[in-house]
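Reading through the structure tokens given below for one structure.
The values are calculated or read from the model by the stated rules, or taken from the named source; none is laboratory data. Everything numeric in this text was worked out from a predicted model, so none of it was measured. Heads up, the Cβs are rebuilt from the backbone with ideal geometry, glycines too, and the neighbour counts pull from every protein chain shown.
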């Protein structure tokens, strides 16, 4: 398989990545693009189509050298039929035949499609922080929250259109209705963290109160507040931002405790942009809260660690899936 070449693609709500490699944890070429959600799925497809020639040139390859394409998609997918079910950030992906489109427009012989968190979890299990740890529970905490369960280096897919959707576990917090608790994603995702800070900022502006470190960083425009700005302010000791992060870590720990009780993973890997908040304000509180609330017989049987493969993790997983589609065709 030394001559095997694959294209790995990550399609997210804000980011598009394309990489070429062998599926061994290395990349010979990478392209990272910003997604414009207003252009919908058509805009992303156009970015893919126009980026591939330059990527092949970087890798010094012709299109015919690509044996397979793997895609990690940010939303639920129909793996068997190669169709996206929907995206929660970008319109136009409802029941879209992405594998067939890719095969036709990129002129490649084989395409395999997976959810982006499943792709990332597989990469961490085989190449990153999860090596020699099974079962592995991977949780991606970014603009949304996704999860993957990898057992003996294989993705657990459940029955239907996916599994391990930890971001949709109901958690204690501000209720979104009279009786319905919010989903984890509504409390602890990057979007939720930024949204909570924007609400505080608007109240401060309306009350003409004291200036706020986050508002200053966002040029007094609440719409420019991001989770990264909240994290920076929390690290500086801002009480409002510390409260927002405390709510998020508490919700993450609650969801992980439910997952541990059901799945008994050997290792939990936390990835995604929000996890870059760091040890003191993210990993340490989560570990402490998980340990406090975990089903007692399982205490000490698992650990919680940061992801190891960085921003390209979904691409690495997509390349692994592409390689497997050749070596282990189903």
Test result for residue 253, surrounded by 21 or more Cβ atoms within 10 Å (Cβ to Cβ) and in contact (Cβ under 8 Å) with a residue 60 or more places away in the chain: no
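Listed here are the residues, each with its yes/no results for (1) touching a residue at least 60 places away in the same chain (Cβ under 8 Å); (2) touching a strand residue (DSSP E or B) at 6+ places or on another chain (Cβ under 9 Å); (3) farther than 21 Å from residue 167 by Cβ; (4) surrounded by fewer than 22 Cβ atoms within 10 Å (Cβ to Cβ).
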site	(1), (2), (3), (4)
200	no, no, yes, yes
211	no, no, yes, yes
222	no, no, yes, yes
228	no, no, no, yes
236	no, no, yes, yes
258	yes, no, no, yes
265	yes, yes, no, no
295	no, no, yes, yes
298	no, no, yes, yes
Residues that are over 29 Å from residue 147 (Cβ atoms), buried (at least 22 other Cβ atoms within 10 Å of the Cβ) and either at pLDDT below 95 or not assigned by TED's automatic domain parsing to the domain that holds residue 191 (or both): does region 73-90 have at least one? no
All conditions in (1) farther than 17 Å from residue 121 by Cβ; (2) surrounded by 15 or more Cβ atoms within 10 Å (Cβ to Cβ); (3) modelled with pLDDT under 95 are true of residue 273 except (1)
Are any of the residues in region 36-56 touching a helix residue (DSSP H, G or I) at 6+ places or on another chain (Cβ under 9 Å) and within 21 Å of residue 140 (Cα to Cα)? yes
Within region 273-293, is even one residue touching a helix residue (DSSP H, G or I) at 6+ places or on another chain (Cβ under 7 Å) and under 22 Å from residue 8 (Cβ atoms)? yes
